[in-house]
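Chemist: Could you have a look at this structure, given as structure tokens, before my questions?
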Amino acid sequence: MRTIAVILSIAISGLVLSSAPASATKMNGKCCQSSDGGRSALYKWHMSRRAIPHTCSAYAASCIRDSSNKADKIQMCMAAKAQCLQTGVHVGPYSGRHYAGMAKI
């Protein structure tokens, strides 16, 4: 049931975005092209922070990836994953943020 709701919301947002007027950022009239061809720091930052699946394993993997400067990242992230698998709520070991409704995978 939850999967259907996600698919429908994506489809509806796609319809809304496709009906919005486009603006050209270059003089050639093509829509939404940046002058640097997508090599800007902002574009790279957004692409590195793209959405992750809402599962305990995915949040543990992103925890390990995002906390590369911590010495105890493996132990802390795996403990958060184990707790998530039991409760369905992922608590960020360093941020303390709660992410509820996780799939226990």
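Chemist: Of all residues in the stretch 63-88, how many are surrounded by 14 or more Cβ atoms within 10 Å (Cβ to Cβ) and not in a helix (DSSP H, G or I)?
Modeler: Qualifying residue count for the region: 3.
Chemist: Right, next: Would you mind telling me which numbered condition in (1) on the phi > 0 side of the Ramachandran plot; (2) modelled with pLDDT of 80 or more Ala100 fails?
Modeler: (1)
Chemist: Considering each of Ser35, Ser57, Ser95 in turn, give the residue that is of a type outside the set (A, V, I, L, M), in a loop (DSSP other than H, G, I, E, B) and modelled with pLDDT of 70 or more.
Modeler: From the options Ser35, Ser57, Ser95, the qualifying one is Ser95.
Chemist: When the stretch 95-104 is examined, which residues are found to be open to solvent by 70 Å² or more (accessible area, probe 1.4 Å) and either within 17 Å of the chain's Cα centre (by Cα) or farther than 13 Å from Ala60 by Cβ (or both)?
Modeler: Hits for the stretch 95-104 are Ser95, Arg97, His98, Tyr99, Ala100.
The values are calculated or read from the model by the stated rules, or taken from the named source; none is laboratory data. As the structure is a computational prediction, the values presented were derived from the model and not from experiment. Note: ideal-geometry Cβ built from the backbone for every residue, glycine included; neighbour counts use all protein chains shown. Calculation scope for accessible area: heavy atoms of the full protein, side chains included, ligands and nucleic acids excluded. Shrake-Rupley method; radii C 1.70, N 1.55, O 1.52, S 1.80 Å.
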